[in-house]
1. Can you find a residue in region 103-116 that is out of contact with any Asp or Glu (no Cβ under 9 Å at 6 or more places or on another chain) and of a type in the set (D, E, K, R)?
2. Please determine, by comparing only the residues of region 75-96 that are under 21 Å from residue 61 (Cβ atoms) and not in a helix (DSSP H, G or I), which one is farthest from the chain's Cα centre (by Cα).
3. Go through region 2-73 and tell me which helices (runs of 4 or more DSSP H), entirely inside it, have 1 or more residues that are surrounded by 23 or more Cβ atoms within 10 Å (Cβ to Cβ), in contact (Cβ under 8 Å) with a residue 12 or more places away in the chain and charged (D, E, K, R).
4. Of all residues being closer than 20 Å to residue 28 by Cβ and among the charged types (D, E, K, R) in region 137-169, which is farthest from the chain's Cα centre (by Cα)? Just the residue, please.
5. For residue 107, only one of the following conditions fails: (1) in contact with a His (Cβ under 9 Å, 6 or more places away or on another chain); (2) crowded, with 24+ Cβ neighbours inside 10 Å; (3) not charged (D, E, K, R). What is its number?
6. Taking the criterion of being among the small types (Gly, Ala, Ser) and either in contact (Cβ under 8 Å) with a residue 60 or more places away in the chain or not in a loop (DSSP other than H, G, I, E, B) (or both), would at least one residue in region 140-153 satisfy it?
7. Criterion first (more than 18 Å from the chain's Cα centre (by Cα) and either in contact (Cβ under 8 Å) with a residue 24 or more places away in the chain or part of a helix (DSSP H, G or I) (or both)) does residue 134 satisfy it?
8. Take region 97-126 and flag every residue that is assigned to a loop (DSSP other than H, G, I, E, B), within 17 Å of the chain's Cα centre (by Cα) and either over 24 Å from residue 37 (Cα atoms) or in contact (Cβ under 8 Å) with a residue 40 or more places away in the chain (or both).
Amino acid sequence: MNREDALDLLEQNVKNKNLIKHCLAVESIMKYLAEYLNEDKEKWSLAGLLHDIDIEKCKEDYSDHGLIAENILKDKVDNDIINAIKSHNFEKTGFEPKNKIDFALIAADAISGLIIATALMQPNKKLSDVKVESIVKKFKKKDFARNCSREKMLYCEKLGIDKNKFFEIALKAEQSISNKLGL
């Protein structure tokens, strides 16, 4: 599946524009991580773009989030992508992350929200105004963007990337698509 087809499929399954923007942000972070780690950028990007394709079809407890995605994506994308999507919600699905792409998706999903929340705290509400130091400070404040799991962000360390470098990569990724995110 190419990116255009993946985006069409995402938009068929996710109607909330903010969720679409979140998927675009995670896609960009995954692409930048793949580039940094010399991994398959297309595969990693698709995992990021499609990771929440089933979110609006899930029950309120999200125990099937990732599992419904498998049915939507079966025979359309590589199994590594499906496994990463299932494992990004491992607490509910029981599908444990094992591979770099799995760990990257968990970390990228978590950091994307913290970066957006940090941008929204800036006077101009622009990603271009966000600095890595700001993210580091907000990361330490547990009451800030409390739905963004700090523990999951630290999955970057399972990739051999320290958190400050990870924050830098993720910030550059989101800044690169700031126009699509409206920030």
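Since every read-out is calculated from the coordinates, none of them should be taken as a lab result. Values in this document were obtained by computation on a predicted structure and should not be read as measured data. Reconstructed Cβ throughout: ideal geometry from the backbone, glycine too, with neighbour counts over all protein chains shown.
1. Scanning region 103-116, I find no residue that is out of contact with any Asp or Glu (no Cβ under 9 Å at 6 or more places or on another chain) and of a type in the set (D, E, K, R), so the answer is no.
2. Going through the qualifying residues, I end up with 94.
3. Numbers: elements: 3-13, 17-37, 41-50, 67-73.
Passing ranges, in order: 17-37.
4. This residue is 138.
5. (1)
6. Checked against the condition, which is being among the small types (Gly, Ala, Ser) and either in contact (Cβ under 8 Å) with a residue 60 or more places away in the chain or not in a loop (DSSP other than H, G, I, E, B) (or both), region 140-153 yields no hits at all.
7. Working: more than 18 Å from the chain's Cα centre (by Cα): yes; either in contact (Cβ under 8 Å) with a residue 24 or more places away in the chain or part of a helix (DSSP H, G or I) (or both): yes.
Answer is yes for this residue.
8. Within region 97-126, 97 is the sole residue that qualifies.
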